[in-house]
1. From the list 113, 128, which one is modelled with pLDDT of 90 or more, assigned to a loop (DSSP other than H, G, I, E, B) and touching a strand residue (DSSP E or B) at 6+ places or on another chain (Cβ under 6 Å)?
2. Please verify whether residue 202 is over 15 Å from residue 131 (Cβ atoms), within 22 Å of the chain's Cα centre (by Cα) and in the same structural domain as residue 240 (by TED's automatic domain parsing), treating the condition exactly as stated.
3. Would you point out which residue out of 160, 147 is assigned by TED's automatic domain parsing to the domain that holds residue 97, touching a strand residue (DSSP E or B) at 6+ places or on another chain (Cβ under 8 Å), more than 27 Å from residue 208 (Cβ to Cβ) and at pLDDT 85 or above?
4. Hey, does the range 223-234 have a residue that's modelled with pLDDT under 90 and buried (at least 16 other Cβ atoms within 10 Å of the Cβ)?
5. For the subset of the range 98-110 comprising residues that are in contact (Cβ under 8 Å) with a residue 24 or more places away in the chain and out of contact with any strand residue (DSSP E or B) (no Cβ under 7 Å at 6 or more places or on another chain), which member is nearest to residue 163 (Cα to Cα)?
6. Quick check on my filter: what residues within the range 65-88 are outside any loop (DSSP other than H, G, I, E, B) and either in contact (Cβ under 8 Å) with a residue 24 or more places away in the chain or not assigned by TED's automatic domain parsing to the domain that holds residue 161 (or both)?
């Protein structure tokens with residue numbers, strides 16, 4: 001009997017409407033707005049951010065007169081250093097307080113890089129291809145210390161690049177430069193606004209013959225921004241494209257420079273042998289040369 005009464009009570013509890021179960025009137029809670037600081041475009045006072053932020057503007061990149069973003073960051077921001085393991089200035093490793101942002105696979109990455117809020121670190125290895133970033137289109141670059149809001153591998157900090165658009169840049173500009181070793185660079189940008197709409201376009205390219213054998217470099221970069229501003233906010237459609245060819249990218253032993261300024265990779269490209277065969281033949285040649293030298297010394301002593 002107790003089991004039947006209990007089952008009926010549970011059934012009645014489920015079929016009763018919610019209003020019958022409530023005690024008293026419903027209390028409406030006030031609306032609560034939670035606004036967090038957004039490092040990728042939110043207008044937050046720098047003094048309210050728990051970290052160090054160092055900022056570069058478009059004139060800083062112009063004064064450097066280099067198409068490589070790492071050169072400007074190295075020259076203008078204390079604590080930034082660069083290294084060149086690949087043998088080309090367009091693919092340098094940037095280090096900030098011991099943490100690196102590198103295009104070389106296998107390097108422990110500790111800096112996140114964003115361009116107009118888009119993460120540039122590659123999905124595989126979090127590498128950063130610095131040679132694909134058009135420096136002429138950079139409006140502002142902010143280097144942040146470590147902050148978890150920037151996502152994975154941002155333990156050492158983050159670099160946020162704010163690109164130009166038709167609202168912030170209006171006019172047209174073009175430049176051409178030339179230098180030694182067949183170096184030629186060119187860049188152009190234009191931006192205009194008509195009413196609530198704006199368009200910006202930039203192009204940048206470089207050709208370098210290289211001072212070493214087969215060390216030429218070629219790359220081209222394009223960036224476009226179409227924007228519209230309304231009462232509800234500002235909207236942008238961004239497009240970017242780039243291509244690069246860095247030739248034989250490798251470090252050069254100074255001993256080889258004394259001979260003919262050719263690396264193992266360059267000799268491999270010249271002869272068609274693989275690099276292992278080049279090393280084996282070089283080792284055998286050194287052994288043979290050492291043996292001949294020892295025989296010559298023994299003859300002189302006798």
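1. On the way: 113 fails: assigned to a loop (DSSP other than H, G, I, E, B).
Among 113, 128, only 128 is modelled with pLDDT of 90 or more, assigned to a loop (DSSP other than H, G, I, E, B) and touching a strand residue (DSSP E or B) at 6+ places or on another chain (Cβ under 6 Å).
2. Yes: the conditions hold for residue 202.
3. Details: 147 fails: at pLDDT 85 or above.
It is 160.
4. Scanning the range 223-234, I find no residue that is modelled with pLDDT under 90 and buried (at least 16 other Cβ atoms within 10 Å of the Cβ), so the answer is no.
5. Taking the range 98-110 and keeping what is in contact (Cβ under 8 Å) with a residue 24 or more places away in the chain, we get 98-103, 109-110.
From what's left, out of contact with any strand residue (DSSP E or B) (no Cβ under 7 Å at 6 or more places or on another chain): 98, 103.
Values: 98: 27, 103: 21 Å.
In this case the residue turns out to be 103.
6. Within the range 65-88, the subset outside any loop (DSSP other than H, G, I, E, B) is 69-76, 80-83.
Within the range 65-88, 69, 70, 72, 73, 80 qualify.
The values are calculated or read from the model by the stated rules, or taken from the named source; none is laboratory data. Because the structure is predicted, anything quoted here is derived from the model rather than measured. Cβ sites come from the backbone with ideal geometry, for glycine too, and all protein chains shown count toward neighbours.
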